[in-house]
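Step one of this worksheet: look at the structure below.
The values are calculated or read from the model by the stated rules, or taken from the named source; none is laboratory data. Remember, predicted model here, so these are calculated numbers, not experimental data. Reconstructed Cβ throughout: ideal geometry from the backbone, glycine too, with neighbour counts over all protein chains shown.
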């Protein structure tokens, strides 16, 4: 090959290589401009300890959760305590959120990804000074498998399921990306962010239910936390069904509420003439509940107050050995401390009115007559022992004697 031809081929290679490099750099620039590199943090670096407030907005719905001292509260629920565990997890998730796939789109395609005002959920992380630290716009769920996300089956076997979310940093269309998390917590529903801890009744020994109709009121007692229930002031013919009464042994052992009711209208809620319940426990706790009338979703407004009469000193055993005293005294002191902490925590619930599911308080909605053993009507088949042998039905043929 002549030297002149070689130089021409070399020049051509340089030109082609340079062109390829230009195309590669162009694609790389487009890739970085779309929403950062794959695997990069969507919001960049965030000091989670600097976050002192969160605002979630969707259309006209807004939710504000703010820190005051060492506690967080939900503004739209009158300052009710927020669920700190879920809140902390959500902030850490946002801080660690990474780009699963950059998405290059123009402003005209944002409505399709539900990244426009009114359809998107805007999440603002703010500092103690009220200034916004980071803003994330959360749009449509990214669906894997085809079809609508709502049609997916949790057990597999076809159907789509959400495996991520379209997001955008602020309103910068160049940052649109898919993240590998559906971000189900990104919603402005206040009831989803409040703390759901509630009272917990342990070992009840007396239950009194007072209704507007005195004949429907009742009181159940038992001698200890393991005994059978008895109906106080039982009248003739009132035979308590032990199976029906057994449910009171675990009454309010794990109640739940769905929401708190702000500025309750007592008359509208039926709390001006409530069903009143008093539950006393073996440990000396007394729970008083006021239950209003059912709402459209079959939940009930409930107000609660808690008190306790706790033994402050331990009575030594008759033959207690000196070497056992220290151990027993410590056990008693530790138990008393836990009871006092429980009392303080549960007394705080008296400041609010709660929306409580029916299953949590169903036993209190019973009438007195609902507690008695069922009785069969006299004179009907099966009304006596032997499945109807006492009153057999007789048939005679015409003309028979």
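Quick grid of which residues meet (1) assigned to a loop (DSSP other than H, G, I, E, B); (2) without any contact (Cβ under 8 Å) to a residue 60 or more places away in the chain; (3) assigned by TED's automatic domain parsing to the domain that holds residue 359; (4) under 26 Å from residue 216 (Cα atoms):
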position	(1), (2), (3), (4)
276	no, no, yes, yes
280	no, no, yes, yes
283	yes, no, yes, no
288	no, yes, yes, yes
297	yes, yes, yes, yes
306	no, no, yes, yes
* To do: Answer with yes or no whether residue 225 is in contact with a strand residue (DSSP E or B) (Cβ under 8 Å, 6 or more places away or on another chain) and exposed (fewer than 15 other Cβ atoms within 10 Å of the Cβ).
  => yes
* **Single match in 231, 289, 240, 271 (criterion: farther than 21 Å from residue 371 by Cα and in contact with a strand residue (DSSP E or B) (Cβ under 9 Å, 6 or more places away or on another chain))** => 271
* Out of 179, 173, which single residue is surrounded by 14 or more Cβ atoms within 10 Å (Cβ to Cβ), under 16 Å from residue 91 (Cα atoms) and outside the structural domain of residue 248 (by TED's automatic domain parsing)? -> 179
* Residues of the stretch 204-219 being out of contact with any helix residue (DSSP H, G or I) (no Cβ under 6 Å at 6 or more places or on another chain) and closer than 14 Å to residue 367 by Cβ, which ones? -> 210, 211, 212, 213, 214, 215, 217, 219
* Structure fact -> Taking the stretch 71-87 and keeping residues under 20 Å from residue 183 (Cα atoms), surrounded by fewer than 19 Cβ atoms within 10 Å (Cβ to Cβ) and either in contact with a strand residue (DSSP E or B) (Cβ under 7 Å, 6 or more places away or on another chain) or in contact (Cβ under 8 Å) with a residue 24 or more places away in the chain (or both) leaves 83, 84, 86
* Specify the residue that is farthest from the chain's Cα centre (by Cα); the eligible residues are those in the stretch 302-315 that are surrounded by 12 or more Cβ atoms within 10 Å (Cβ to Cβ) and over 27 Å from residue 276 (Cβ atoms). => 314
* **Hits in the stretch 42-65 (condition: touching a strand residue (DSSP E or B) at 6+ places or on another chain (Cβ under 6 Å) and in a strand (DSSP E or B))** => 53, 54, 55, 56, 57, 58, 63, 64, 65
* Asked: Restricting to the stretch 130-164, what's the tally of residues that are in a loop (DSSP other than H, G, I, E, B) and at pLDDT below 85?
  -> 13
* Only one of these is touching a helix residue (DSSP H, G or I) at 6+ places or on another chain (Cβ under 8 Å), assigned to a loop (DSSP other than H, G, I, E, B) and either farther than 18 Å from residue 360 by Cα or in the same structural domain as residue 343 (by TED's automatic domain parsing) (or both): 293, 235. Name it. => 293
* Could we say that residue 68 is out of contact with any strand residue (DSSP E or B) (no Cβ under 9 Å at 6 or more places or on another chain) and farther than 30 Å from residue 349 by Cα here? -> no
* Being at pLDDT below 95, part of a loop (DSSP other than H, G, I, E, B) and in the same structural domain as residue 264 (by TED's automatic domain parsing), is that true of even one residue in the stretch 357-364? -> no
